[in-house]
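Chemist: After the structure tokens below, expect a handful of questions from me.
The values are calculated or read from the model by the stated rules, or taken from the named source; none is laboratory data. Note that this is a predicted model, so its numbers are computed, not measured. Cβ placement follows ideal geometry from the backbone for every residue including glycine, while neighbour counts extend to all protein chains displayed.
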Amino acid sequence: MPRGVYPRKNALQKLKNMAARTQTRGRVSRVKLATFGDPVVALLSDRATPHGNWEDNARIFRRFKEIIDVECRARVERGQEALKDTQREALEMIATKMSRVLCGTPSHADHWDDIEGYARLGKKGSQF
């Protein structure tokens, strides 16, 4: 069975468990059990734990991106070599993964593997 696809009974129980965990952290759950059949809702629910709250992620990532933008412009103004598009994109993707570490499950191995992968891409300046 593909990852994230669960038989109806197991998925319903998983959503109930997620809602209960979310409520115990002092937040109101946004998971609506009536939308179980929506695959997008199921996907978002499945990723909520390792990735954290979407609004928090967006806020933190935007702050990282502002720093990247300001410092990339400052490099050019100082006469330094501009970052290649691939290097800048790698930095932004690393920032996305860092926001997930800060908002979600910090021990989720995929976050760290992705950071390593994007760092390698930035180092190479091109895709594998």
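Chemist: Does L91 satisfy being of a type in the set (A, V, I, L, M, F, W, C) and either modelled with pLDDT under 95 or not assigned by TED's automatic domain parsing to the domain that holds G125 (or both)?
Modeler: no
Chemist: What's the total number of residues in the stretch 67-95 that are surrounded by 11 or more Cβ atoms within 10 Å (Cβ to Cβ) and either within 18 Å of the chain's Cα centre (by Cα) or not polar (S, T, N, Q) (or both)?
Modeler: So the answer is 19.
Chemist: Consider only pairs whose beta carbons are under 8 Å apart and that are at least six residues apart or on different chains; among these, list those whose first residue lies in the stretch 84-95 and is among the polar types (S, T, N, Q) and whose second residue is surrounded by 15 or more Cβ atoms within 10 Å (Cβ to Cβ) and in a helix (DSSP H, G or I).
Modeler: Correct list of pairs: T86/L121; T86/G122; Q87/G122.
Chemist: In the stretch 30-84, what residues are over 24 Å from H111 (Cα atoms), modelled with pLDDT of 95 or more and not hydrophobic (A, V, I, L, M, F, W, C)?
Modeler: E71, R73, R75, E77, R78, G79, Q80
Chemist: Could you figure out which of (1) more than 26 Å from K124 (Cβ to Cβ); (2) surrounded by fewer than 17 Cβ atoms within 10 Å (Cβ to Cβ); (3) in the same structural domain as D114 (by TED's automatic domain parsing) isn't true of R47?
Modeler: (3)
Chemist: Among the residues of the stretch 100-115, write down those that are surrounded by 12 or more Cβ atoms within 10 Å (Cβ to Cβ) and either part of a helix (DSSP H, G or I) or touching a Leu at 6+ places or on another chain (Cβ under 6 Å) (or both).
Modeler: R100, V101, L102, C103, D110, H111, W112, D114, I115
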